[in-house]
Structures are given as C-alpha cells and as structure tokens.
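The values are calculated or read from the model by the stated rules, or taken from the named source; none is laboratory data. Predicted model only: the values in this text are computed from it and were never measured. With ideal geometry, Cβ positions are generated from the backbone for all residues, glycine too; neighbour counts draw on all protein chains shown. What goes into the accessible areas is simple: the full protein's heavy atoms, side chains included, and nothing from ligands, DNA or RNA. Shrake-Rupley method; radii C 1.70, N 1.55, O 1.52, S 1.80 Å.
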Amino acid sequence: MKAGIVGLPNVGKSTLFNCLSNAKAQSANFPFCTIEPNLGVVNVPDERLEKLEELVDPERVVPATVEIVDIAGLVRGASKGEGLGNQFLGNIRECNAIIHVLRCFENDNIVHVDGSVDPIRDKETIDIELQLKDLETVDKRLEKVNRAAKTGDKDAKKEQTTLLKFKEALEAGNSARSVDVDEDELELMKGFQLLTAKPILYVCNVDESSAKDGNAFVDKVKETVKNENAEVIVLAVGTEADITELESYEERQMFLEDIGLEEPGVSRLIRAAYKLLNLQTYFTAGVKEVRAWTIPVGSTAPQAAGVIHTDFEKGFIRAEVIAYNDYTTFGSEAKVKEAGKMRVEGKEYIVHDGDIMHFRFNV
Ligand SMILES: Nc1nc2c(ncn2[C@@H]2O[C@H](COP(=O)(O)OP(=O)(O)OP(=O)(O)O)[C@@H](O)[C@H]2O)c(=O)[nH]1
Ligand SMILES: [Mg+2]
C-alpha cells in the first residue's frame, strides 16, 4: 500500500517528499525536475509507541511505516501523453491513494508553469487530466463489454450499467470517487483501476507566516473541496524542509514554536496518509522489542498475525489481547492480567487500532 504525491510541476512535491523520507529526491526550481518516481519508506509517528517504550523499556522500538512515492508533475494534456503524461499517470495508477499538493504561496522567484498562483485552477487542471484518462479507460472497457452485453450476458450488462454511470460522471467533470455505488458496483470499480477513484487528501503548500492558520488560498481550496469528504492539510513545505535540516530535537522544537506549531506538519501528513490508505496499527510489546505493525482496517487476528510471519497465520490458535488504554492504565502486562483485563480472542476477532497482541500458534 502506498500513497503518491501528485500535482503540477514545481509546486514542492519533491521538497515535501524529502521532509518525509531519508531517500533524498532531487528538487530544484524548474518544472519537470522529477522524472522517475522516488519511493520512500516513512516512519509513522505515534505517541502510543513512545508511551509503551516508557512502560516496557525494551531493547529496541520499531515504528510502523508507510510508503510514499514522489511522482513527476502533470501538465495540461498529460492524458494525451503531453510531457511524458502517460508514464506519469501510470505511476499514479500504481498508488493506492493520492496526496495532491497545491501551491498556495506567492513567490516571484519560484516558477509557476501557468504564470500565476491559483490553486483552484491548478486543482482543476490535474482533476481534468485524471478524469480524461479515466474516461479513456471506461470507454475502452465499454467497447468490450457492449459486445458481450448484446449477447445477453448478465454480468456484462451489470458492468455496462456501472461503466455508463462512471462515464456520465466523468463527462460532467466529476471524479469517480464522487459516484454513489452499491456493493456490487464497488467490486467492479476496483477492477477498473480508475485514477479518480483513489482516496485523496490535499496539501496546501503555504509560506511560513501561514503555516499555522493558512491563508486566503487555503480558504478557497477548503471551500472548493468541501463536498469531497477529503482532508486538507496546511503545510509550509519550504519551512518544514529547513526544520528537517536542524540537528537537534530542541532546535527543531524551538523553530516549530516560533511559527506556532506543536509538531512538524509532516507528522500530521504521514498519519493522514496512513489513514487514507485505510491502515491501522497493533502493537507487540516485549523486553526485546516494542513494535508497531501495520494492518488494513478490518483485519482478523490471524491476518494480523500473518504480518509478522505467515506461519503465525497458518498455525493460529488464539490471540491474547490487551486494549491500549488498559495497558497504559495498569502499566504492565502482569498488572493487566491481575486485573483480569487480558482477553483471549479467536480466529474471528477483528483487531482494534492500538491493541497489544500476543499470538499463540503451532506449526
Ligand atoms: N518559497 C518556497 N519555495 C518552495 C516551497 N516548496 C518548494 N519550493 C521551491 O520550489 C522549487 C520546486 O520544488 P520541488 O520540490 O522540486 O517541486 P516539484 O513539485 O517536485 O517539481 P517537479 O519535480 O518539477 O514536478 C524548489 O526550488 C523549491 O525549493 C515553499 O514552500 N516555499
Ligand atoms: Mg519533483
């Protein structure tokens, strides 16, 4: 599961990526600086992990991670192959969610491909390219399905109806994610791999003085996307990059306080991306290691165990589970047990975010 950073050229995507990841991407003040996508594995900041570390005092702590991809900028005409558009759209297709970066800062020294700062126009430019590409995908698929539907094939008819629904929405300038679908249609939709069906969040890249409260551009973005059910994150990407450069935690904290923030904006973004990918965390806590593991929301106990090792899933017997709040309230596994708060769960158990788990299995 990975989230791709998408936007016009030269809006700060690679600068943002570099704040998130140690895999340094080239960033410079000219459009199309990025061609090949950069992949970064990013630690997910989680206060609960720090708390567990305090309580358990383990030899090591391993955080959860999320994969972020820095993708080349898109320009008008990308869906027709303009500016290597097809390649870049292909990079987006491989991602499970989209982080759309919008330039919301004025600076005459930083080139804007369309000559002025206007995040609403920019968003529309990108949306249109993604929608046109999806329309192409839908039309191609329709050609095939239409033939089968003519012969009276029931499944083909259902698919045809679904495709037409998407076609209509896309032609009206709406994204696939805005279409109301039932469960069957949702299954079909997954097979279509539409770009505009991917969950999305917006990053407004602002100047330092707007890091805390945003600015007029941000207000416009929020107004525009209010019906999209998408998160809007305000980030001073250039400033965050400067903060990342600072050596010590204290220095970084002082800088953050100066601009009115309690934690780096990128921490907020990473957590939001994790959520956008529909991921959640469970913990294992022992003296050797306290560790956060990543699972899709809705995973069962055996599936969660399988993330550690496939044998754990195959040979799953039961899980011993402590809710995060019980662990911190009682302070240790032993005390939780004494209080009778440790649960034994079976194969059907749906893991909760923050559960501290211990698996019993045989191989
Ligand atoms: N003033 C200011 N400059 C920024 C900010 N974010 C990025 N920049 C500058 O904008 C230029 C482009 O940044 P990149 O991160 O390379 O942009 P990109 O979106 O990856 O561009 P492409 O790879 O060409 O699509 C660089 O010179 C950055 O230093 C910001 O928040 N404020
Ligand atoms: Mg770049």
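Of all residues in segment 191-209, count the ones that are in contact with a helix residue (DSSP H, G or I) (Cβ under 8 Å, 6 or more places away or on another chain) and away from ligand 1 (no atom under 16 Å from the Cβ).
10
Tell me which residues, restricted to segment 26-45, are surrounded by 22 or more Cβ atoms within 10 Å (Cβ to Cβ) and either within 12 Å of ligand 1 (Cβ to nearest atom) or not assigned by TED's automatic domain parsing to the domain that holds Asp70 (or both).
Listed by number, the list holds a single entry, Thr34.
Check segment 332-342 and report whether any residue there is on the phi > 0 side of the Ramachandran plot and surrounded by fewer than 17 Cβ atoms within 10 Å (Cβ to Cβ).
Of all residues in segment 332-342, those on the phi > 0 side of the Ramachandran plot come to 340.
Remaining after also requiring surrounded by fewer than 17 Cβ atoms within 10 Å (Cβ to Cβ): 340.
Yes, the conditions are met somewhere in segment 332-342.
I'd like to know if segment 253-261 contains one or more residues that are closer than 25 Å to Val69 by Cα and out of contact with any Pro (no Cβ under 6 Å at 6 or more places or on another chain).
no
Just one of (1) more than 16 Å from ligand 2 (Cβ to nearest atom); (2) over 18 Å from the mean Cα position of the chain (by Cα); (3) under 23 Å from Val206 (Cβ atoms) trips up Thr34, so point out which.
(1)
Which residue pairs have Cβ atoms closer than 6 Å, lie 6 or more positions apart in sequence or on different chains, and pair a first residue in segment 51-78 that is in contact (Cβ under 8 Å) with a residue 40 or more places away in the chain with a second residue that is within 16 Å of ligand 2 (Cβ to nearest atom) and open to solvent by 70 Å² or more (accessible area, probe 1.4 Å)?
Qualifying pairs under 6 Å: Val69/Leu39.
Residues are listed down the side, and each one gets a yes or a no for (1) over 14 Å from Gln280 (Cβ atoms); (2) over 29 Å from the mean Cα position of the chain (by Cα):
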{"site": "Ile322", "(1), (2)": "yes, no"}
{"site": "Phe330", "(1), (2)": "yes, yes"}
{"site": "Lys335", "(1), (2)": "yes, yes"}
{"site": "Ile356", "(1), (2)": "no, no"}
{"site": "Phe361", "(1), (2)": "yes, yes"}
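If we scan segment 241-250, do we find a residue that is over 19 Å from the mean Cα position of the chain (by Cα) and under 26 Å from Asn96 (Cα atoms)?
yes
Across segment 1-16, what is the total count of residues that are more than 10 Å from ligand 1 (Cβ to nearest atom) and open to solvent by 10 Å² or more (accessible area, probe 1.4 Å)?
2
What's the number of the condition Asp326 fails, among (1) farther than 21 Å from Asp57 by Cβ; (2) part of a helix (DSSP H, G or I); (3) not polar (S, T, N, Q)?
All conditions pass for Asp326, except number (1).
Which condition number does Cys19 fail, the rest of (1) more than 30 Å from Val287 (Cβ to Cβ); (2) more than 7 Å from ligand 1 (Cβ to nearest atom); (3) among the hydrophobic types (A, V, I, L, M, F, W, C); (4) open to solvent by 30 Å² or more (accessible area, probe 1.4 Å) being met?
Of everything listed in (1) more than 30 Å from Val287 (Cβ to Cβ); (2) more than 7 Å from ligand 1 (Cβ to nearest atom); (3) among the hydrophobic types (A, V, I, L, M, F, W, C); (4) open to solvent by 30 Å² or more (accessible area, probe 1.4 Å), Cys19 misses just condition (4).
For (1) in a loop (DSSP other than H, G, I, E, B); (2) open to solvent by 60 Å² or more (accessible area, probe 1.4 Å); (3) under 19 Å from Phe30 (Cα atoms); (4) touching a residue at least 12 places away in the same chain (Cβ under 8 Å), each residue gets a yes or a no:
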{"residue": "Cys95", "(1), (2), (3), (4)": "yes, no, no, yes"}
{"residue": "Ile98", "(1), (2), (3), (4)": "no, no, no, yes"}
{"residue": "Asn109", "(1), (2), (3), (4)": "yes, yes, yes, yes"}
{"residue": "Ser116", "(1), (2), (3), (4)": "yes, no, yes, no"}
{"residue": "Asp127", "(1), (2), (3), (4)": "no, no, no, yes"}
{"residue": "Leu130", "(1), (2), (3), (4)": "no, no, no, yes"}
{"residue": "Thr137", "(1), (2), (3), (4)": "no, no, no, yes"}
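So that you can scan it fast, the table gives a plain yes or no per residue for (1) over 24 Å from Gly90 (Cα atoms); (2) of a type in the set (Ser, Thr, Tyr):
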position	(1), (2)
Asp153	yes, no
Thr161	yes, yes
Arg177	no, no
Asp182	yes, no
Glu187	no, no
Thr196	no, yes
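Which condition number in (1) under 25 Å from Gly4 (Cα atoms); (2) among the aliphatic types (A, V, I, L, M); (3) surrounded by 15 or more Cβ atoms within 10 Å (Cβ to Cβ) is the one that Val145 fails?
(1)
Any idea which of (1) of a type outside the set (Phe, Trp, Tyr); (2) surrounded by fewer than 20 Cβ atoms within 10 Å (Cβ to Cβ); (3) closer than 18 Å to Val44 by Cα; (4) over 24 Å from the mean Cα position of the chain (by Cα) is the one Lys275 doesn't satisfy?
(4)
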